[in-house]
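The values are calculated or read from the model by the stated rules, or taken from the named source; none is laboratory data. Just so you know, these numbers come straight off a predicted model, no measurement behind them. Cβ placement follows ideal geometry from the backbone for every residue including glycine, while neighbour counts extend to all protein chains displayed.
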Amino acid sequence: MELKVFGRPTCQVCKQAMEKINYFLDKWEFQGKVPLNYFDMDTVDGLAEGAFYEVFDIPTVVLLNNEDEMDRWVKRPPLSKELKPYLDPAV
């Protein structure tokens with residue numbers, strides 16, 4: 001399982017998305033177990049990764065499981081009730 005966040009340093013919603021996801025991972029004790037990667041869409045590497053995942057708006061959060069896309073949230077971070085079931089199947 002892996003989370004990828006695509007954004008820009010000047011985007012407040014992008015910063016909030018990272019903070020919110022980090023909070024969830026910490027609260028649910030998944031910090032360090034579920035990689036969270038940020039891709040700056042103002043860089044060549046960020047644009048290349050964004051193109052691979054067909055990112056057209058920021059922020060975009062992509063949830064992957066073994067490179068298969070499980071879900072994505074565009075222009076907003078996921079709500080806790082949207083994200084937690086993927087991370088904790090017992091919920």
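Quick notes
- Any strands (runs of 3 or more DSSP E) falling wholly within segment 18-75 and containing at least 2 residues that are of a type in the set (F, W, Y) and under 14 Å from the mean Cα position of the chain (by Cα): 36-40
- Any hit, segment 28-49, residues being among the acidic types (D, E), closer than 11 Å to L3 by Cα and at pLDDT below 95: no
- Subset of segment 46-79 [closer than 21 Å to N22 by Cβ and among the polar types (S, T, N, Q)]: T60, N65
- Subset of segment 76-91 (residues that are exposed (fewer than 12 other Cβ atoms within 10 Å of the Cβ), assigned to a loop (DSSP other than H, G, I, E, B) and free of Cβ contacts under 8 Å to residues at least 60 places away in the same chain): L79, P89, A90, V91
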